[in-house]
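Attaching a single structure in structure tokens format; questions to follow.
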């Protein structure tokens with residue numbers, strides 16, 4: 001069982017770190033949380049993922065507000081529409097993944113389902129962060 005959790009943690013690490021050379025502090029904290037032996041359980045992994053998800057969500061809200069503060073009126077309206085539609089997509093995607101993974105046998109699917117939500121929020125945050133960087137470079 002310990003071997004299974006080690007493999008699962010490696011898969012999560014590849015998913016997290018394989019996408020970029022810059023490791024965000026939240027991702028580092030998630031990896032550190034996974035590395036704690038007490039989190040080699042399904043509950044431990046889910047708790048680590050949920051904590052990281054909460055932090056990414058706070059980061060997303062911060063980036064969204066910062067982006068709104070520097071956009072033109074027309075750009076703000078487009079961003080607001082985009083964000084509302086992204087939230088709708090996120091909620092439906094999470095609902096779908098919960099349904100898929102809850103119907104599968106084995107507890108390993110529980111942290112995978114939680115990871116799906118984390119990935120969605122993390123990616124949207126990075127997207128908003130990239131817009132901010134692009135706007136800063138463009139000025």
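Quick note: the coordinates plus some simple rules give every number you see, no bench work behind them. All figures in this text were calculated on a predicted structure; none of them were measured in a lab. We place every Cβ from the backbone using ideal geometry, glycine too, and count neighbours over all the protein chains shown.
So how do 46, 73 line up by other beta-carbon neighbours within 10 Å, fewest first?
Working: 46 18, 73 6.
Ordered from fewest to most neighbouring Cβ atoms within 10 Å, 46, 73 come out as 73, 46.
Moving on to the next point. With contacts defined as alpha carbon pairs under 8 Å and 6 or more residues apart, what's the relative contact order of region 2-137 in percent? Before the final figure, lay out the partial values.
Working: 82 pairs, mean separation 41.0, N = 136.
Result for region 2-137 is 30 percent.
For residue 80 and residue 96, calculate 0.36 nm times their separation in residues minus their Cα-Cα distance, and state this gained length in nm to one decimal.
Details: separation 16, 0.36 × 16 = 5.76 nm, distance 2.42 nm.
Residue separation times 0.36 nm, minus the Cα-Cα distance, leaves 3.3 nm.
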